[in-house]
Structure formats: C-alpha cells, structure tokens
1. Any chance the stretch 103-121 includes a residue that's under 30 Å from Val5 (Cβ atoms), at pLDDT 95 or above and exposed (fewer than 11 other Cβ atoms within 10 Å of the Cβ)?
2. Going by what's in this entry, would Leu147 be described as in a helix (DSSP H, G or I), within 18 Å of Val37 (Cβ to Cβ) and either of a type outside the set (Gly, Ala, Ser) or touching a residue at least 12 places away in the same chain (Cβ under 8 Å) (or both)?
3. Looking only at the stretch 213-244, count how many residues are touching a residue at least 12 places away in the same chain (Cβ under 8 Å), under 30 Å from Asp159 (Cα atoms) and surrounded by 11 or more Cβ atoms within 10 Å (Cβ to Cβ).
Amino acid sequence: MKKLVAHHEIMGRVHELEQVRAERVDELATDSLGALVKRLLGSFVVAAEAPNSAPDWKTIVPDTLAVGYRIKLQMSAADYAQTKADLNDLIALRNGLAHHFIDRFNLWCTDGCAAARVYLNECYGRIDGHFERLRRWAYVMEKSRALMADLVQTPEFSDFLIDGRRPDGTIEWALSGIDCALREATAELAIGGWTKLDDAVAFIVERYPGRTPREYGCRSWGQVLSESRIFDLQYRANVGDSRVAWFRERGTNTATHRPT
C-alpha cells in the first residue's frame, strides 16, 4: 500500500526528483492503513466518471524545468464503490486484530484457542485476497512506469518535448522551437508590448538559423503566427502605402504602440 501511494505520482524540478521521492517515502513511513487508503482512493484508484485532476504546479518555481506524472487505475463507478468498501473492510479487519483480538477470545482455555485459530485462518484468507489485489496493482503500476520510461527515450518523444513535433507530423505550437524563439525575440525587442516582425525574424536568423517557417510546414512567418494561435498580429501603416507586421503574445495587457 505504501509503495503504491509513494510511487504512483511525482512532481518536481528535474534535479530534485529523487529527493522529492525520498521525502514522500519518509512522509508515508508512519501512516496508518486508514490514512493510506484515503490517499489511494481518488488518486491512484479512481472512478471513470470522476473529473480528471492535474498536478498542482503552483509549488514549482517559475522558469525551471519540472516533471510531473500520475498513474491511475480507472474503474466503473460500481467497481470503485465496491473497491472502497473492500478496503474499508480491510481497515476494520486490521483494527479488530490489532485492538480487540485478545478481548474477543479466551486464550486461557483449549476451546478459546481453537476458536481463535479458526478465526485467524479466516482472517488470513481475507488478508491474502487483499494482498494479492494490491500486488497486482503494484505490478500494473511498475509496468506502466517502465513503459513510460521507454517512451521518453524514443526520438518521437524527444521531438515532441523539445520541438513540439507529434508523430503524425502536426505541431504542438506552444512547445515548438520556432515559437520559443519568437517569444525570446519579444522579450528582447518588444516596444510597448509589441514586436516588429522583421526585427524578430532578423533576431531568430542570427541566433537560430535552422528555425524557419518551412521547417514547420509554413510558407511565411505570418502563417507561423497564425497557425500557433498564441500570438496577436497587427499590420500597421508604414512609409507610403506599405504596412509592417507587429505581433505580441496573447494575454499581454499593454497599450498599443504606434510608431511615428
């Protein structure tokens, strides 16, 4: 039970993950069976109809590389209710053995000892059933962790994580290298929150020459901004009848800058 609770999820900065895991193991060392069941239900064991819960990233320091995952065993509402009842039965069984066994049987006579032996054999059967189920859950969890470890070492996962490229060729633009370069350009070149696209392109060509629209299936930088859906784009009047593109990341609350 402690292994399931300790290892089915983790979240933290990459260089601190082993410390986070060790602290979680230590935290659970003195938890009672009842406390462990409460932690397990709704976190590892979940009902199919329950809303998905995401890791709480509020504790992570901004601008640091962090990792979080949660392995869940999903079951129907009826199976979840039965599992919850079974685990509560295990708690009651444990408490009965730990606190009331001596009071329940007269161990100073042969008949009392015989009755206690029969009861203990019955309890062993119930405990063994619970143990086998927990053992299967632990096996599933370890297999899931192993499969995940294999996945993160594939080139496809690396392409997605580093550059937002999915195996089907589509782009997760928020993770893409070209959008990261555009955000970096805005951080250095923005005027009143807006960045001139020509200046941003020159910035990217100098620092990241391999990040071009064509590498991401686009014909122009304007299409990159449009496809990503994370930037606002404006065309402003320039000298004569020409217009110049300016952009900013969406959600930036700044006044529009109109160059003279």
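1. Yes, because at least one residue in the stretch 103-121 is under 30 Å from Val5 (Cβ atoms), at pLDDT 95 or above and exposed (fewer than 11 other Cβ atoms within 10 Å of the Cβ).
2. no
3. Counting residues in the stretch 213-244 that are touching a residue at least 12 places away in the same chain (Cβ under 8 Å), under 30 Å from Asp159 (Cα atoms) and surrounded by 11 or more Cβ atoms within 10 Å (Cβ to Cβ) gives 14.
The values are calculated or read from the model by the stated rules, or taken from the named source; none is laboratory data. It should be emphasised that the depicted structure is a prediction, and the values quoted were computed from it without experimental measurement. We place every Cβ from the backbone using ideal geometry, glycine too, and count neighbours over all the protein chains shown.
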